[in-house]
1. Of everything in region 390-417 that's in contact (Cβ under 8 Å) with a residue 60 or more places away in the chain and in contact with a Pro (Cβ under 8 Å, 6 or more places away or on another chain), which residue is surrounded by the fewest Cβ atoms within 10 Å (Cβ to Cβ)?
2. Assess whether residue 295 counts as being crowded, with 24+ Cβ neighbours inside 10 Å and in a helix (DSSP H, G or I).
3. For a quick check of your reading: which helices (runs of 4 or more DSSP H) sit entirely within region 1-100 and have at least 2 residues that are within 18 Å of the chain's Cα centre (by Cα), at pLDDT 95 or above and not hydroxyl-bearing (Ser, Thr, Tyr)?
4. Return the pair list, or none, for Cβ contacts closer than 7 Å from residues in region 8-36 that are touching a residue at least 12 places away in the same chain (Cβ under 8 Å) to residues that are basic (Lys, Arg), at least 6 apart or on different chains.
5. Just name the residue that is farthest from the chain's Cα centre (by Cα) out of those in region 261-285 that are more than 16 Å from residue 298 (Cβ to Cβ) and of a type in the set (Gly, Ala, Ser).
6. Please state which one of 242, 284, 233 is part of a helix (DSSP H, G or I), in the same structural domain as residue 371 (by TED's automatic domain parsing) and surrounded by 14 or more Cβ atoms within 10 Å (Cβ to Cβ).
7. Is one or more of the residues making up region 265-280 crowded, with 24+ Cβ neighbours inside 10 Å and either part of a strand (DSSP E or B) or at pLDDT below 95 (or both)?
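The values are calculated or read from the model by the stated rules, or taken from the named source; none is laboratory data. None of these values were measured; they are calculated from a predicted model. Virtual Cβ from ideal backbone geometry, glycine too; neighbours counted across all protein chains shown.
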Amino acid sequence: MFISVLDLFKIGIGPSSSHTMGPMMAANKFRSHLDQLVIATSNSKANHVRCILKGSLAFTGKGHATDRAVVLGLHGYTPEALSTQDVNALIAKLWIMNSFTLNNGAVITFNPDKDIIFDKHETLPQHPNGMVYMLLDENEKVLLSETYFSIGGGFINTLAEINQLNAPLKMESAKSFPFPFDSARSMLQMVQQSNLSIADMKRANELTKMSANELDQGLDRIWHAMQRCIENGLTTEGQLPGGLKVSRRAKAIFNQLQKDPGKATLNDWLCAYAMAVNEENAAGHMVVTAPTNGAAGVIPAVLYYMVKHENGSIENVRNFLLTAAAIGGIIKHRSSISGAEVGCQGEVGSAAAMAAAGLCAAQGGTAKQIENAAEIALEHHLGMTCDPVGGLVQVPCIERNGFGAIKAHTAAALARRGTGEHFMPLDNCIAAMKQTGLEMSHKYKETSLGGLAVSITEC
């Protein structure tokens, strides 16, 4: 099992990695198939594309901007390329074009209002985040059809790929890597045998794919994007889009803390930083999957506090990210980070485990303490549902990231107070999360059909 730290942490846009970034990448991939299939002729416009969104994408796709993502992807845009653009202005222009042009000049008809279908009746059995893209002729004959699944964190699989998987994420075999750990247990065994840290082993694996300079530049780019996202959120106010009339709060909280820092607590700072990120995410602005958009505030908040308040160095940041990625890769391999698959325990819970491990490592914790920190943080998110009000990544998602950051920081501190010996192994906790997700009702897995999402009475 291997997944690169630079794939796990991806720069993109909000509000969702699974419902925005994934569908955008799927649309982009389908577009590339069309480039190979459709010849630029005078009648190419007679062909049109249809996208059918299934399961969770159908139920909360409007609130998660899935339809906008489909349009952007079919027009050739990617999440990272959009991170510095005014997406609202761009989507307003693209939406009314009713067609898109392939790289070879062929024009394909596509009317978003008619050709994006939210199918709430049938969920594909392989994964709750399914979507079907089709190219049809003027007689509605299907010329090309491809099914994709957005499996969390902005990753996608085709139907053929997902049917070949034993785990919820397609990952490269680790056999060719120097430290092919696929569990926390094997990771700790390799630490003991090699006398290296978890970050050192992760770095060694990464260096089989890229140079040390490329890796460090990539890690620094991720960290700078996280910083920029926090600082953008801390200086922006106003109402978030979507109709809930939720106001941004991070700037006001941050201003209060700056005026009287003597009375500010660790929890205050962490909440301000985490909420700043998730307010930016809710606004559809630039964010880093960490490991998802819905949980994107946890790791940056803990990192930012370490650097700004605890004099963390750039080496501390790199080791934090490498360690967090090692833990995140194990969670992805053995369970899931998709809220639509296992609930928010797989999003904020995974992010808290990764942040706790990263912080413990940066603070000099042993491998056993790091594994313990990750387990503590994940354990205390088990059973957490994903029930966003209005299908928007706002309530309870924004505040939840603040609490995830607090739990992560507490878990790291608690683990470092001990020897690393503990009762519940991280692997067992991950297994419990997976089983809990399997048994959780679909109403609590990013469909907005239960929990908080249906607890608001409108007058």
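1. Among residues in region 390-417 that are in contact (Cβ under 8 Å) with a residue 60 or more places away in the chain and in contact with a Pro (Cβ under 8 Å, 6 or more places away or on another chain), the one surrounded by the fewest Cβ atoms within 10 Å (Cβ to Cβ) is 395.
2. Working: crowded, with 24+ Cβ neighbours inside 10 Å: yes; in a helix (DSSP H, G or I): no.
No; evaluated as a whole, the condition is false for this residue.
3. Ranges flagged: 5-8, 22-37, 66-74.
4. The qualifying pairs do not exist here.
5. So the residue we want is 262.
6. Selected residue: 233, the only one of 242, 284, 233 that is part of a helix (DSSP H, G or I), in the same structural domain as residue 371 (by TED's automatic domain parsing) and surrounded by 14 or more Cβ atoms within 10 Å (Cβ to Cβ).
7. Of region 265-280, the ones crowded, with 24+ Cβ neighbours inside 10 Å are 270-280.
Subset that is either part of a strand (DSSP E or B) or at pLDDT below 95 (or both): none.
The answer is no; no qualifying residue exists.
Quick grid of which residues meet (1) out of contact with any Phe, Trp or Tyr (no Cβ under 8 Å at 6 or more places or on another chain); (2) hydrophobic (A, V, I, L, M, F, W, C):
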site: 359; (1), (2): no, yes
site: 367; (1), (2): yes, yes
site: 378; (1), (2): yes, yes
site: 388; (1), (2): yes, no
site: 422; (1), (2): yes, no
site: 431; (1), (2): yes, yes
site: 435; (1), (2): yes, no
